[in-house]
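K.L.:
Can you read through this structure? Questions will come right after.
The values are calculated or read from the model by the stated rules, or taken from the named source; none is laboratory data. The structure displayed is predicted, hence computed values, not measured ones. Positions of Cβ are backbone-derived with ideal geometry, glycine not excepted, and every protein chain shown enters the neighbour counts.
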Amino acid sequence: MEQTRLLMDQKKTIEEQIEAQISILKANSSTMQTPLVDSDGFPRADINIYAVRGARVRIIELRNDLKDVTDAIGKALERIYDSGSQASSDETTQPGTDRTPFAKVDEVAPGSPAKEAVRIRLL
């Protein structure tokens, strides 16, 4: 449980870092797709290309880290909930594992799906 909390804190930190990098892009009127060169192929003079490129690279790295942490959180939560369900399932029997009869069939109607199932099973 403690590991999950640490992972969630780490996720929050990564998200804050992503927002900080996005603010660098916004300060330069840029996005992840904004071209860094003008129509003639020269670097744009109206943006800090060095800062924009650095922010883009860092955002990509942080997004990869965020994906890894999110996957780790999912696995940790699965372990938590699986261990909780195993404890409760150990106390009770699983459905379908009890082999005591629950009904007695006296007759099967001709042409019914049950009759077809019996016929197929006997083949």
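K.L.:
Quick check on my filter: what residues within the stretch 1-35 are surrounded by 14 or more Cβ atoms within 10 Å (Cβ to Cβ) and more than 30 Å from Ile73 (Cα to Cα)?
P.N.:
Hits for the stretch 1-35 are Asn28, Ser30.
K.L.:
Does any residue in the stretch 63-79 that is more than 15 Å from Thr13 (Cα to Cα) come within less than 8 Å, Cβ to Cβ, of a residue that is polar (S, T, N, Q) six or more places away or on a different chain, and which pairs are these?
P.N.:
Cβ pairs passing all conditions: Ala76/Gln3; Ala76/Thr4; Leu77/Thr4.
K.L.:
Among all residue pairs at least 6 apart or on different chains, which show Cβ distances below 7 Å where the first residue, located in the stretch 32-46, is of a type in the set (Lys, Arg) and the second is in a loop (DSSP other than H, G, I, E, B)?
P.N.:
Here the result reads Arg44/Leu36; Arg44/Asp38, each pair linking the stretch 32-46 to a residue that is in a loop (DSSP other than H, G, I, E, B).
K.L.:
Same structure again: Which residue is nearest to the chain's Cα centre (by Cα), if the candidates are limited to the stretch 35-62 and must be closer than 23 Å to Ile14 by Cα and not aliphatic (A, V, I, L, M)?
P.N.:
So in the stretch 35-62, the residues closer than 23 Å to Ile14 by Cα come out as 50-62.
Next, only the ones that are not aliphatic (A, V, I, L, M) stay: 50, 53-54, 56, 58, 61.
Details: Tyr50: 34, Arg53: 29, Gly54: 28, Arg56: 24, Arg58: 22, Glu61: 18 Å.
Filtering first and then ranking leaves Glu61.
K.L.:
Can you confirm whether Leu25 is modelled with pLDDT of 95 or more, touching a Ser or Thr at 6+ places or on another chain (Cβ under 7 Å) and in a helix (DSSP H, G or I)? Full working, then the answer.
P.N.:
Details: modelled with pLDDT of 95 or more: yes; touching a Ser or Thr at 6+ places or on another chain (Cβ under 7 Å): yes; in a helix (DSSP H, G or I): yes.
For Leu25, the condition - modelled with pLDDT of 95 or more, touching a Ser or Thr at 6+ places or on another chain (Cβ under 7 Å) and in a helix (DSSP H, G or I) - is met.
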